[in-house]
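Comments concern the structure below.
The values are calculated or read from the model by the stated rules, or taken from the named source; none is laboratory data. Note that the structure is a prediction, hence the values are computed from the model and not measured. Don't worry about glycine lacking a Cβ; one is built from the backbone with ideal geometry, like all the others, and counts go over all protein chains shown.
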Amino acid sequence: MSGQDPGANSTKLLAKAFSVLRNEEEYCQFLGDLFTAGELEILAQRLIVANMLDECDTYTRIAESTGASTATISRVKRFLTGGYGGYRLVLDRLREKGDL
């Protein structure tokens, strides 16, 4: 066993697919094809949860505001503070652009 993640190549292909998109409209087109409306809502919810956690909102307030379960909030917090750095990168860049 090589120890390599078997999904690594698929993940890289997906990342490359996103990298060829040129604007927000193209991202929305691709996301609409790739995910169901429910899946997109869940992904967007996680980003909102990450932002609220970053702003030190309480789990109770986040759950009430977003409808996310405390398990989802905990999972997002775990990745926000000790994951791959993706949430941090996106939140910081959205703030730089004034989108948060």
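Numbers below:
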read-out: Check on Ala63, touching a helix residue (DSSP H, G or I) at 6+ places or on another chain (Cβ under 9 Å), without any contact (Cβ under 8 Å) to a residue 60 or more places away in the chain and over 28 Å from Lys77 (Cβ atoms); value: no
read-out: Identity of the residue in segment 69-89, under 12 Å from Arg46 (Cα atoms) and of a type in the set (Val, Ile, Thr), that ends up surrounded by the fewest Cβ atoms within 10 Å (Cβ to Cβ); value: Thr70
read-out: Condition broken by Leu100, with the remaining ones in (1) at pLDDT 95 or above; (2) assigned to a loop (DSSP other than H, G, I, E, B); (3) under 27 Å from Leu21 (Cβ atoms) satisfied; value: (1)
read-out: Criterion (in contact with a Phe, Trp or Tyr (Cβ under 8 Å, 6 or more places away or on another chain) and small (Gly, Ala, Ser)) met by exactly one of Ala68, Ala17, Ala44; value: Ala17
read-out: Every residue from segment 68-87 that is out of contact with any helix residue (DSSP H, G or I) (no Cβ under 7 Å at 6 or more places or on another chain) and either in contact (Cβ under 8 Å) with a residue 24 or more places away in the chain or not polar (S, T, N, Q) (or both); value: Ala71, Arg75, Arg78, Gly82, Gly83, Tyr84, Gly85, Gly86
read-out: Which numbered condition Gly83 misses (of (1) at pLDDT 95 or above; (2) under 12 Å from the mean Cα position of the chain (by Cα)); value: (1)
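For (1) of a type in the set (A, V, I, L, M); (2) under 23 Å from Thr11 (Cβ atoms); (3) within 14 Å of the chain's Cα centre (by Cα), each residue gets a yes or a no:
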position	(1), (2), (3)
Leu31	yes, yes, yes
Leu47	yes, yes, yes
Met52	yes, no, yes
Arg61	no, no, no
Gly98	no, no, no
